[in-house]
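K.L.:
This structure is in structure tokens; I'll ask about it shortly.
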Amino acid sequence: MPEKIDIHGVKLDNVTMDEALDIVLQMLNENTPHKIFTPNAEIIMQAQRDESLKQLLNSADLLVADGAGVVLASMILGRRLKEKVSGVDLVKRLLINTDRRMTSFFILGGKPGVAEQASINILSEFPRANVVGFQNGYFTEEECPDIIRQINASKAEVLLVGLGAPKQEKWIDAHIHELKCKVVMGVGGTIDVLAGTASLAPEFMRKAGLEWLYRLIKEPYRYKRMMDLPRFMNLTFKTRFRKGKQA
Ligand code: UDP
């Protein structure tokens, strides 16, 4: 069991990308469904205002830090996370690993046509990644039982759920017990990246921890939500200061 690092009540697994991949591969050898969430600073901030979201995140079988901001916060708080393990990178590593272990996937999320395009791209780039089904992320509650039947009938081992956060985490938590997949992972905008409808920040920006800036330039309408980033850093410094005073 990896060590947990507490960032404002959200208890993240302190793992490297390689260790996270090993844990996912281990989950694929077991027969029960496992939940994987990859919270970023925005979601950790939302969890400060919503205790049930915090509990839901903490109920994950693997909870990894998506974003340089979360790793930076861990350093400020005095127990450093080994590294950033973003959802999109973990999914890519899992796809690359299909070379060694064939794995089946169901892709759920994104606008109509996006999950289908992601599936086509995966199948052409990773011949041993078996995409056994896809479904767009705009469905009603009434359509849910049918979608779950489709997912289970596909016998997918891995279900990638990209409905945006925290909708995807809530959906996974509500339906995990009906699902027969071994790994169910909240992946945010990863399906758009796999489909080629969204792009990742250039490498130098990702390395510098500036994905948020890239996202703000690309999707300026997100600025309101992104106000949680300075709030997150503010809370981090306040917590550090309080701890310093107590010590
Ligand atoms: N999305 C979806 N269903 C919804 C809302 C969003 O499938 O009801 C998809 C959206 O098309 C996008 C992904 O969820 O592919 C991520 O959405 P967003 O960028 O809003 O969320 P975040 O990046 O914060 O996870």
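The values are calculated or read from the model by the stated rules, or taken from the named source; none is laboratory data. Here the structure is a predicted model, which means the values were calculated and not measured. Neighbour counts run over all protein chains shown; Cβ positions are idealised from the backbone, glycine included. These area figures cover heavy atoms from the full protein model, side chains too; ligands, DNA and RNA do not enter into them. Shrake-Rupley method; radii C 1.70, N 1.55, O 1.52, S 1.80 Å.
K.L.:
Note the per residue figure in Å³ for the convex hull of the C-alpha positions in the chain.
P.N.:
126 Å³
K.L.:
Next up: At 1.4 Å probe radius, can you tell me the per residue accessible area of the chain in Å²?
P.N.:
Ligands and nucleic acids excluded, the figure is 50 Å² per residue.
K.L.:
How high is the relative contact order of the range 1-158, in percent, with contacts defined as C-alpha pairs under 8 Å that are six or more residues apart?
P.N.:
Answer for the range 1-158 is 20 percent.
K.L.:
Holding the Cα-Cα limit at 28 Å, pick out from LYS35/LYS82; LYS180/LYS218; LYS35/LYS84; LYS84/LYS155; LYS111/LYS218; LYS11/LYS180 the pairs that are longer than that.
P.N.:
Beyond 28 Å between Cα atoms: LYS180/LYS218; LYS84/LYS155.
K.L.:
Roughly speaking, what % of Cα-Cα pairs in the range 1-58 are separated by over 18 Å, rounded to a whole number?
P.N.:
Tail of P(r) above 18 Å: 41 percent of Cα pairs.
K.L.:
Treating the beta-carbon of each Lys and Arg as +1 and of each Asp and Glu as -1, no other charges, what is the dipole magnitude of the chain about its Cα centre, to the nearest 20 debye?
P.N.:
Using Cβ point charges on Lys, Arg, Asp and Glu, the chain gives about 1060 debye.
K.L.:
Which value, in debye to the nearest 20, gives the size of the charge dipole of the range 167-247 about its Cα centre, when Lys and Arg are +1 and Asp and Glu are -1 at the Cβ?
P.N.:
Value, rounded to 20: 580 debye.
K.L.:
Go through GLY110, ILE176, MET205 and say which Cα lies farthest out towards the positive end of the charge dipole of the range 109-214; charges sit on Cβ, +1 for Lys and Arg, -1 for Asp and Glu.
P.N.:
So the residue we want is MET205.
K.L.:
In addition: Counting each pair of different Cα atoms once, what's the Kirkwood radius of the range 119-158 in Å, rounded to one decimal?
P.N.:
After inverting the pairwise mean of 1/r, the radius is 11.4 Å.
K.L.:
So, with a 1.4 angstrom probe, what is the percent of accessible area on the range 116-214 that is carbon and sulfur?
P.N.:
Exposed carbon and sulfur together represent 55 percent of the surface.
K.L.:
Suppose every K and R has +1 on its Cβ and every D and E has -1 on its Cβ; what is the size of the dipole of the range 1-134 about the Cα centre, in Debye to the nearest 20?
P.N.:
That gives the range 1-134 a dipole magnitude of about 80 debye.
K.L.:
Can you pull the Rg over Rh of the range 2-103, Cα-only, Kirkwood?
P.N.:
0.98
K.L.:
Please give the Cα centre distance for the range 84-115 versus the range 193-235, rounded to the nearest Å.
P.N.:
A separation of 21 Å, based on Cα centres.
K.L.:
If you take the C-alpha gyration tensor of the range 141-247, multiply each eigenvalue by 5 and take the square root, what semi-axes do you get, largest first, in whole Å?
P.N.:
Square roots of five times the eigenvalues give 34, 21, 13 Å.
K.L.:
While we're on this one: Show me 235-245, 194-204, 101-111 ranked by packing, highest mean number of other Cβ atoms within 10 Å first.
P.N.:
The packing order, highest mean first, is 101-111, 194-204, 235-245.
K.L.:
What are the extents of the Cα atoms of the range 67-178 along their three principal axes, in Å, largest first?
P.N.:
The principal-axis extents, from largest down, are 47, 35, 25 Å.
K.L.:
Under the rule of -39500 (n - 2.57) per DSSP H run of 4 or more residues, summed and divided by the residues of the chain, what mean residue ellipticity at 222 nm is obtained, to the nearest 500 deg cm²/dmol?
P.N.:
-14500 deg cm²/dmol
K.L.:
Under 12 Å between alpha carbons, and skipping anything fewer than 8 positions from LYS224 in its own chain: which aspartates and glutamates qualify?
P.N.:
Filter leaves GLU42.
K.L.:
Can you pull the percent of the range 1-90's accessible area that's carbon plus sulfur, 1.4 Å probe, other chains left in place?
P.N.:
C and S fraction of accessible area: 49 percent.
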